[in-house]
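Beneath this line is the structure, given in structure tokens, with notes to follow.
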């Protein structure tokens, strides 16, 4: 089943969501090469047994390995944060298919901040590779570190969203596709609002309905564990509810401190 452009973009913005001050001229192929290397924790990281007790305030724990289910397909996911480059690299194996994702941060502090406030985007760029397909999304921030623009590069035309109406944690509550994006993608994109429930550890994305396009609105709800890692995604609309992503408890975790 083909995902709507907005749903595909959401998968990049939320993860995990999830940029190092590396050479801006570096090619995407070199980023992919980094995903293929053998990961080894640096001096700023520590592998630990699974534990869902939140780490110290200046640290973040990520699942180094855990089982996942995407749609009806089960598999495994492994992630590693590299302190030298401030990059989070994740590999997901689902049967005969798989996905490689890297999220680039300006610093370990920005990476840690992404788990302190659920749903907060703090990466500067994300690259996702699935088969022969490569998707790159970049993020722009204002002087307060708030997400103000995201751009997903596509051959048919970039998908660009602007963000506004920030809460006390600097998280946007409204997102709108740009005029240029609407001109290219039309009914494939829609504005959406975001609701953050820190007590329930969930973030809800509510996409607007469109009478012009004869499309009903729908919602995507992301749920997180006490470590700030996404454990499920559920899409609800006129056709009903569908769990699109689930993750089991981590077999091992990596703790990263700024």
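Per the listing 76, 126, the residue uniquely modelled with pLDDT of 95 or more, assigned to a strand (DSSP E or B), touching a strand residue (DSSP E or B) at 6+ places or on another chain (Cβ under 8 Å) and surrounded by 20 or more Cβ atoms within 10 Å (Cβ to Cβ) is 126.
Taken together, the residues in the range 166-212 that are under 22 Å from residue 241 (Cβ atoms), in a loop (DSSP other than H, G, I, E, B) and in contact with a helix residue (DSSP H, G or I) (Cβ under 8 Å, 6 or more places away or on another chain) amount to 1.
When restricted to residues that are in a strand (DSSP E or B) and more than 20 Å from residue 161 (Cα to Cα), the range 213-225 contains 2. Within the range 79-107, being outside any strand (DSSP E or B) and surrounded by 21 or more Cβ atoms within 10 Å (Cβ to Cβ) holds for 86, 105. All conditions but one from (1) closer than 24 Å to residue 149 by Cα; (2) at pLDDT 95 or above apply to residue 113; the one that does not is (2).
Note on the range 199-230: among residues that are over 18 Å from the mean Cα position of the chain (by Cα) and crowded, with 17+ Cβ neighbours inside 10 Å, the one that is nearest to residue 113 (Cα to Cα) is 218.
The test for being surrounded by fewer than 19 Cβ atoms within 10 Å (Cβ to Cβ), in a strand (DSSP E or B) and either modelled with pLDDT of 95 or more or in contact with a helix residue (DSSP H, G or I) (Cβ under 8 Å, 6 or more places away or on another chain) (or both) does not hold for residue 233.
Only a single item in (1) within 19 Å of residue 119 (Cα to Cα); (2) buried (at least 16 other Cβ atoms within 10 Å of the Cβ) is not met by residue 178, and it is number (1).
The values are calculated or read from the model by the stated rules, or taken from the named source; none is laboratory data. Please read these numbers as outputs of a predicted model, since none were measured by experiment. Please note: Cβ atoms are built from the backbone with ideal geometry, for glycine as well, and neighbour counts cover all protein chains shown.
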